[in-house]
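The values are calculated or read from the model by the stated rules, or taken from the named source; none is laboratory data. Just so it is clear, the model here is predicted, and its values are computed rather than measured. Virtual Cβ from ideal backbone geometry, glycine too; neighbours counted across all protein chains shown.
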Amino acid sequence: KTKIKESFKAPSRFSERERSEFESAEEADRVSNVDQSETHLRADLFENILADWFEEQGVRLRRQPELVKEQSVDHGRPKVTPDILFLDHVTINGEPVAWIDAKHFYGADVEFQRKKMKKQMMRYIDEWGSGAIVFRHSFSENLFLPGVLMLDASPLDLSGLDAQS
């Protein structure tokens with residue numbers, strides 16, 4: 001497993017045929033490509049679009065980079081940093097939402113993903129109360145985390161994100 005991971009990090013070590021096939025597969029793979037830098041850029045842009053939308057509605061908030069900076073000063077390191085922390089009282093679909101975490105993927109109801117998200121969201125709930133996850137590519141109707149409202153990003157204008165494709 002380690003050898004395979006190392007090979008993907010240095011495809012120049014592949015034979016000519018292996019490198020050609022790897023590059024073709026990598027170019028066609030929009031989900032799990034080895035170079036995640038584009039995915040991270042899109043995720044950051046998605047978070048900014050979401051935060052901008054709330055600010056355009058007049059909602060005061062703190063973005064994750066601000067929280068990281070503040071908590072690093074106060075605690076020596078970032079401790080609990082959702083993508084958006086609301087400074088105003090926000091209600092969505094009748095539910096109070098103190099924070100939002102943006103997920104640039106489909107919210108599947110699979111144990112490994114649910115377990116990882118639950119651990120992360122429980123830290124936010126313990127600190128600020130209930131919140132929400134906004135999924136870029138929708139979510140399974142069976143996905144449930146106590147204290148977390150599941151939201152789909154489709155009402156947002158994501159044309160700026162789509163232009164990056």
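Applying the criterion of being of a type outside the set (D, E, K, R) and at pLDDT 75 or above to the residues of segment 4-21, the residue that is surrounded by the fewest Cβ atoms within 10 Å (Cβ to Cβ) is 15. Would you confirm whether or not segment 67-74 contains a residue that is within 17 Å of residue 100 (Cβ to Cβ) and assigned by TED's automatic domain parsing to the domain that holds residue 120? Yes, that holds for at least one residue. Residues in segment 81-138 that are in contact with a Ser or Thr (Cβ under 9 Å, 6 or more places away or on another chain), under 19 Å from residue 154 (Cβ atoms) and at pLDDT 95 or above: 2 in all.
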